Amino acid sequence: MPESSPWQPPEGALVLLFTRFPVATETFLQREVRALRELGLRVELHSLHRGDEAFAGLPVQRHHKGRLFELFWRLPLEAWRQPQLVGSMVGRLFRHRPRSWLNFWENLCGLGQGVLLAADFRRREGRWQFHAVWASMPAAAAWVAARLLARPYSFAAHAYDLYERGGDWLLEEKARDAFLVRTSTEAGCRRLEERGVERDRIVLVRRGLDRFPEIKPLRSPRTPLRLLAVGRLVPKKGYLEQVRIYAALRAAGLPFEALIVGGGPMEDAVKQALAEAGLSDSVHLMGEVSEEAVWDRHGWADVLLHTSVIAPDGDQDGFPNAIGEAMAVGTVVVATPAAGIPEVIAHGDNGFVHRLEEPQDWVATLRRVAQDDELAGRVRQKARAWVEKEFAAPLNQIRLLAALEAGWVRR
């Protein structure tokens with residue numbers, strides 16, 4: 001953040017609700033928490049399902065499921081205190097059918113946690129507000145607690161909340177009472193509107209990096225071409241389709257070596273696909289690694305391949321953090337035009353975009369990147385300029401807090 005910025009953190013506490021925190025694969029949330037702390041904001045971390053005791057020097061309030069037994073007497077008490085409100089909220093649960101059993105139980109647990117949060121916060125003084133970082137369990141808890149306490153609340157809706165199996169069960173109801181819904185892509189904004197969320201409640205605030213590495217020198221010559229893929233081994237990442245790109249590169253005689261960083265349920269399927277294509281000697285699965293190790297792999301690679309697709313259950317990416325990381329460090333991005341990616345990657349300008357159905361286009365672009373220093377250098381510089389402007393966590397958290405200040409009230 002520039003030293004001349006007139007922005008000052010609000011006087012009060014932002015109570016952040018997580019499903020579980022921290023989670024190794026959710027580095028974007030960790031970066032945002034670190035950015036908020038460095039901005040001088042009072043942040044309270046509440047993990048509704050296990051989690052660590054502390055993060056970045058901040059305690060994590062862990063809410064144990066055993067406390068849900070308190071609902072046997074707390075829920076009737078709330079119904080006695082506010083019968084019309086409780087009756088109305090219970091009725092609203094039946095307006096929509098659950099879209100999956102997992103999402104149903106996530107929300108049910110969150111609703112119960114909301115009753116307990118209301119009890120814990122009822123006598124709290126000062127300025128504070130709830131912000132749920134996911135639209136599922138955390139937003140369910142924020143919705144119930146804020147309504148019972150007559151407080152404003154807000155929540156974020158990410159790709160999981162918006163797309164998988166049609167999105168969150170109670171998204172419309174939570175959004176109707178929230179004063180703000182944050183999402184990180186224009187595609188997310190459109191999806192929220194499709195779900196009936198009023199446009200003036202939606203705020204687009206991108207994710208971001210809390211630190212920027214130095215852009216690495218352009219490796220020359222780039223032979224063999226070093227390729228990197230980062231992301232969980234799940235259907236929406238398109239790894240089986242990515243194998244066809246590697247096969248096309250080998251058939252075209254373009255030397256390469258590739259690393260796939262990430263773990264997940266598709267590991268055996270990806271290994272089998274690589275073996276059947278005769279690519280096991282050129283493409284290596286690294287498994288799940290630390291955040292620092294991911295940065296090391298970006299430093300090694302010439303190109304990040306990101307092959308996002310729409311999974312059979314509807315799940316898809318928003319704007320993948322791995323792309324922002326690659327753009328920051330100087331790794332050229334070649335990706336599919338899925339979800340929020342075309343909002344950022346302009347083909348031939350700050351990266352390249354190709355359809356998976358056209359592997360020869362991927363081969364042609366990768367050959368150009370391997371051979372053309374001027375092209376690779378120009379794309380890298382344009383990519384770095386974009387992330388410095390749009391993908392800096394401190395700046396983006398200031399934008400979010402400016403929107404949240406409308407709901408910051410004193411009890």
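Read-outs throughout are calculated quantities, based only on the coordinates presented, and are distinct from any laboratory measurement. All of these numbers come straight from a predicted model, not from anything done at the bench. Because the Cβ atoms are built from the backbone with ideal geometry, glycine has one as well, and the counts that use them run over all protein chains shown.
For ARG62, the amide hydrogen comes within under 5 Å of the amide hydrogens of SER47, counting only partners 5 or more places away or on other chains and with H modelled in the peptide plane. Taking 13 Å as the straight-line reach from the Cα of LYS65, the aspartates and glutamates in range (excluding those fewer than 8 positions away in the same chain) are GLU106. Residues in the range 375-383 carry Karplus couplings, in order, of 4, 4, x, 5, 5, 4, 5, 5, 5 Hz; the curve used is 6.51 cos²θ - 1.76 cosθ + 1.60 with θ = phi - 60°, and Gly or Pro positions show x.
Ordering PHE21, PHE155 from the fewest to the most neighbouring beta carbons within 10 Å gives PHE21, PHE155.
Under 1.5 on a/c is rounded, so check that first for the chain, then, if it is not, pick prolate when a/b is larger than b/c and oblate when it is not; a ≥ b ≥ c are the square roots of the alpha carbon gyration tensor eigenvalues. It comes out prolate by the Cα gyration axes.
Translational diffusion coefficient, Stokes-Einstein: compute it for the range 225-390 using the Kirkwood radius over C-alpha pairs as Rh, at 37 °C and 0.692 mPa s, and state it as an integer in µm² s⁻¹.
Values: Rh = 15.7 Å.
The diffusion coefficient I find is 209 µm²/s.
The dipole here belongs to the chain: it is taken about the Cα centre, uses +1 on the Cβ of Lys and Arg and -1 on the Cβ of Asp and Glu, and is about 1240 debye.
Pop out the ³J(HN,Hα) list for the range 310-327 in order, Karplus 6.51 cos²θ - 1.76 cosθ + 1.60 with θ = phi - 60°, rounded to Hz; leave Gly and Pro as x. Each residue of the range 310-327 in turn: 8, 6, x, 8, x, 5, 7, 6, x, 10, x, 4, 4, 5, x, 5, 4, 4 Hz.
Going from the fewest other Cβ atoms within 10 Å to the most, the residues PHE130, PHE121 appear in the order PHE121, PHE130. Taking all C-alpha pairs of the range 170-262, those more than 18 Å from each other amount to 68 percent.
For THR331, nonlocal amide neighbours, meaning residues 5 or more places apart or on other chains whose placed amide H falls under 5 Å from its own, do not occur. Simple rule: put +1 on each Lys or Arg Cβ and -1 on each Asp or Glu Cβ in the range 94-157, find the dipole, and look at ALA139, CYS109, LEU149; the Cα lying farthest toward the positive end is LEU149.
Counting other beta carbons within 10 Å of each Cβ, put TYR160, TYR246 in order, fewest first.
On the way: TYR160 18, TYR246 23.
Fewest-to-most Cβ neighbours within 10 Å comes out as TYR160, TYR246.
Close amide H contacts of HIS158 (hydrogens built in the peptide plane, cut-off under 5 Å, sequence separation of 5 or more or a different chain): ALA135. Shown in residue order for the range 37-48 are the 3J(HN,Hα) couplings computed by the Karplus curve 6.51 cos²θ - 1.76 cosθ + 1.60 at θ = phi - 60°: 5, 5, 6, x, 7, 6, 10, 10, 10, 10, 9, 7 Hz (x for Gly and Pro).
Do any of LYS237/LYS271; LYS236/LYS382; LYS216/LYS237 go past 19 Å between their Cα atoms, and which? Please list the in-between numbers first.
Details: LYS237/LYS271 15 Å; LYS236/LYS382 27 Å; LYS216/LYS237 26 Å.
In this structure, LYS236/LYS382; LYS216/LYS237 exceed 19 Å between Cα atoms.
Summed over qualifying helices (DSSP H, 4 residues or more, each -39500 (n - 2.57)) and divided by its residue number, the chain shows a 222 nm mean residue ellipticity of -13000 deg cm²/dmol.
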